[in-house]
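Below is one structure; the comments refer to it alone.
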Amino acid sequence: GVASDSLGNVEISGSVITNSSLNLTINSKVYVDGTGVISTTKSDGAISIGFAITTTSFILTITR
């Protein structure tokens, strides 16, 4: 679901994202960096967006 309040808090969760070109580590947190690259490696400026359920799919979980 998606929700927003007057303070701009947003929570998105539950969608499964699949991309055959991903190379994720199963059960690891998934991050996206400032250039849009998705990986299970945290880098400077990257934010956590979910966790990997296969090497090519992850469950989206974003809280701001």
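The values are calculated or read from the model by the stated rules, or taken from the named source; none is laboratory data. As the structure is a computational prediction, the values presented were derived from the model and not from experiment. All accessible areas refer to the heavy atoms of the entire protein, side chains included, with ligands and DNA or RNA removed. Shrake-Rupley method; radii C 1.70, N 1.55, O 1.52, S 1.80 Å.
Summary table
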read-out	value
Options [x] 24, 50, 23, 4; [y] 20, 48, 27, 5; [z] 22, 57, 21, 0 - which one matches P(r) over Cα pairs in 10 Å bins from 0, in percent as calculated here	[x]
The chain - percent of accessible surface contributed by carbon and sulfur, probe 1.4 Å	54 percent
Segment THR56-SER15, length gained on full extension (0.36 nm per residue, minus Cα span)	13.4 nm
Accessible area (Å², per residue) of the chain, counting only protein heavy atoms and a probe of 1.4 Å	67 Å²
Percent RCO, i.e. relative contact order, over the chain, from Cα pairs under 8 Å lying at least 6 residues apart	38 percent
